[in-house]
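Enquirer: Okay, handing you the structure first.
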Amino acid sequence: MLRLFRMAPVPRTARRLRTPRTTGAVGIALALLVSAPAAGAFAAPAPAPPPSAKSPFALTNPRIVAHFDFKAGQTPENLALEPDGSADLTLALARQVVRVDRHGGKHVLATLPFVANPQTPLVGAAVVSGIVRTKDGSLYVAYNTGTAETGIYRIAPDGEVTKFVDLPADGFANGIALDEHLGLLYVADSVLGAVRRVSLGKEPEVTTWATGAALEPSTFVGANGIKVRDRAVWVSNSDRGTLLRIPVEKDGSAGPIRTQATGLTGIDDFAFAGHGTTVLAALNTEASELALVRPNGTHTIVLTGADGLSGPTAVAIRHHKVYVTSGAFLTGIDPNLLIADAAQPKAENGKESKESKESKESKEGKQGKEGKDDHGKSEDHGKTGDNAKTGDNAKDEDHGRRKDQAKDEDHGRHDDQAKDEDHGRHDDQAKDEDHGRDEDHGRRDDQATDENHRQDEDHGRRDDQAKDEDQAKDEDQAADENSSQDEDQAADEGSAQDEDQAADEDSAQDEDDGSRSRAGS
C-alpha cells in the first residue's frame, strides 16, 4: 500500500510532511519525490530476470490496461477484485474509488468526503488507502485525514458512502484484510505500529489486536500490507523490508509475531499465490519490482519497471491473472494498473521438468539402492544358513510334495464333482427351457387355430349376410317389376274404357241429332 519514501529517523511527533497548502495533492506527491533519495531515483530499471526453477508459476504477457493522471492526484494505492474480473482501485490523493473493467474502461464509484484542513500523519493530506470487498458487493476503505473523519468507510453496491467506524486520527490506517468467515477486518497502522481488529455488523467494535517492535516503523512507514491466511494474519513492514506472520490463537487473540522473510526492500502490499504461503509482493522502490517470496523466505524478482511497473503499491490474484497497481509516488511517471498471466511452468514437448525429473530419479535411485541392500542381506543370510539341515529340508520337501499331491487329487475330485453338478444343472435348465419353449409354442399354435376358426366363422357370417342381401334385392326387383306391369295394365284398361265410353257418347249424340233433324222436317 502506501510506501512513499525513506528518510532519516525522526521523532514520531515530527513524522509529518509539511507542504504549502496551495500546492494541493500534486504538490504533496512532488514533495515526496524531492525528499526521496537522489541516487538512482529515475534510473532506467533493469529487465526482470526469469523466475527460478523453484517458482510455483511464471508470469507472462504483462500489459498495462489503464493509465491514470498523476497531476490530478490519481495515484492507485490498493485494489479489490470483482467476480467479473474488473478491479476496484483506491486513488490515494484524489480521494476516489474507481472501477476498471476488463477492457480498461474506468468508472468512479465514490469520492470520499472533503476535509478542509487535513492533518494526516506522514503526508498532511487526505488519503484513501486500503480496500476490501465483501460477498454482498460492499466495499470497505480506509480514509486518513488526521481529523475526526479518519476511519473505515463503507461503499454500498448502490454507491452510497457512509462512515462505518472511527479510527485513531494520529495513526495511518494503511492495508485492510478481510476474514469474512468470522466477520472481521484487520487494519495495519503504519505510524503507530499496530494491527487493529474491527468487527463487521450493525454495531462494529474496534480493538488493538497486535503491537510490537516488528510492526513499528524504523524511519517512516511500518506495518503496511496485510492479509489473512491459515489462521494467521500476515503483515509487511516497509521500513524493515520484512514479511511477518501473526498466528490467531483459539480465543482470537494474537500470538507471537514471527518474521517469515527479510531483505524485501520497500515491500508494500502483497498477495498469496495459490493455496499455500508463496507470496507475490510489490517492492515500492525506484526499481519498481514485483517479488515472488517462497515459504522458506527466499525471493525472486519476476517483474520490473521494464514490464510497465511504476512504483508498485499492491497486488491481487484471480483466475491465473495477477493485477498490480502502480502509484508512481517515487517515479512521477505513468501511474497505472497492470495485468500479467500466471501459469504453471510446463516442460517442452510434454516432458517432465528438470526439477521434477531429478526429484523422481533421486527417489527411484534411493528405492533401488534400498532394494539392492535388502537383496544383499537376504543372500548373506542364505549363505550363513545351517547346512546340516539339508536332510531335514529334503524330508520336508517330500512331505510337502505328498501333501500337495493329495491336495491336488482332492481338488481334482472336487472339480469333477462340481463339473458334474454344473452339467446336471445345465441339463435340467436346458430341459426346462425346452419344455417352456414347447409350451409357449403349443399355446401360440392353439391361439393361431382359435384365431383362424374365428376368422372362418366371421367369413361364413359375412357370406350368409351377403346372400341374404342379394336375395332381398332380387325380391325387391321382382316386386317392382310386377307393380310396374300392374300399373301399365290398369292404365291400358282405363284407356280402353275411356275410349269405349267416348264412342258410346258420340253415337248417342249422333242419334239425338238425327231425331231432331227428322222432327224439324
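Read the figures in this text as sums done on the coordinates, not as results from a lab. Remember, predicted model here, so these are calculated numbers, not experimental data. In this analysis, Cβ positions are derived from the backbone assuming ideal geometry, glycine residues included, and neighbour counts consider all displayed protein chains.
Enquirer: Take the Cα atoms of region 220-339, build their convex hull, and give its volume per residue in Å³.
Expert: Working: hull volume 12.1 nm³, N = 120.
So the per-residue Cα hull volume is 101 Å³.
Enquirer: If a paramagnetic tag sat 7 Å from the Cα of LYS163 along the Cα-Cβ line, which residues of region 83-113 would have the backbone N under 19 Å from that point?
Expert: In region 83-113, the label zone of LYS163 (backbone N under 19 Å from the point 7 Å along Cα→Cβ) covers 95-97, 110-113.
Enquirer: Can I ask one more? Ordered by residue, what ³J(HN,Hα) values in Hz, to whole numbers, does region 104-113 give under the Karplus form 6.51 cos²θ - 1.76 cosθ + 1.60, where θ = phi - 60° and Gly and Pro are x?
Expert: Once rounded to whole Hz, the list reads x, x, 10, 9, 6, 7, 7, 10, 6, x.
Enquirer: Related question: Once the other residues with Cβ under 13 Å from the Cβ of PRO62 are scored (Lys, Arg +1; Asp, Glu -1), what is the net sum? Could you put the intermediate results ahead of the total?
Expert: Numbers: positive: ARG63, LYS321; negative: GLU289, ASP307, ASP341.
Net charge in that neighbourhood comes out at -1.
Enquirer: Still on this structure, please answer the following. Label-point separation (nm) for SER253 and ARG229, each offset 7 Å from Cα along Cα-to-Cβ?
Expert: 2.7
Enquirer: With no solvent and one point per C-alpha, what does the Debye sum give as log10 I(q)/I(0) for region 146-208 at q = 0.12, 0.18, 0.22, 0.29 Å⁻¹?
Expert: After summing over all Cα pairs, the log10 values are -0.29, -0.65, -0.95, -1.38.
Enquirer: Related question: If you take the beta carbon distance between ASP69 and ARG102 as r and set R0 to 25 Å, what does 1/(1 + (r/R0)^6) give as a FRET efficiency, to the nearest 0.05?
Expert: The calculated FRET efficiency here is 0.70.
Enquirer: When only Cα pairs under 8 Å and 6 or more residues apart are kept, what is the percent relative contact order across region 115-260?
Expert: It rounds to 13 percent for region 115-260.
Enquirer: PRE reach from ALA306 (point 7 Å along Cα→Cβ): which of region 280-299 fall under 15 Å by backbone N?
Expert: What the label zone holds, given the 15 Å backbone N cut-off, is 287-290.
Enquirer: So, one more: What trypsin sites (Lys or Arg not before Pro) in region 169-278 are in a loop by DSSP, with at most 11 other Cβ atoms within 10 Å of the Cβ?
Expert: Details: sites: ARG196, ARG197, LYS202, LYS227, ARG229, ARG231, ARG240, ARG245, LYS250, ARG258; in loops: LYS202, ARG229, ARG231, ARG240, LYS250.
Loop-located and lightly packed - LYS202, ARG231, LYS250.
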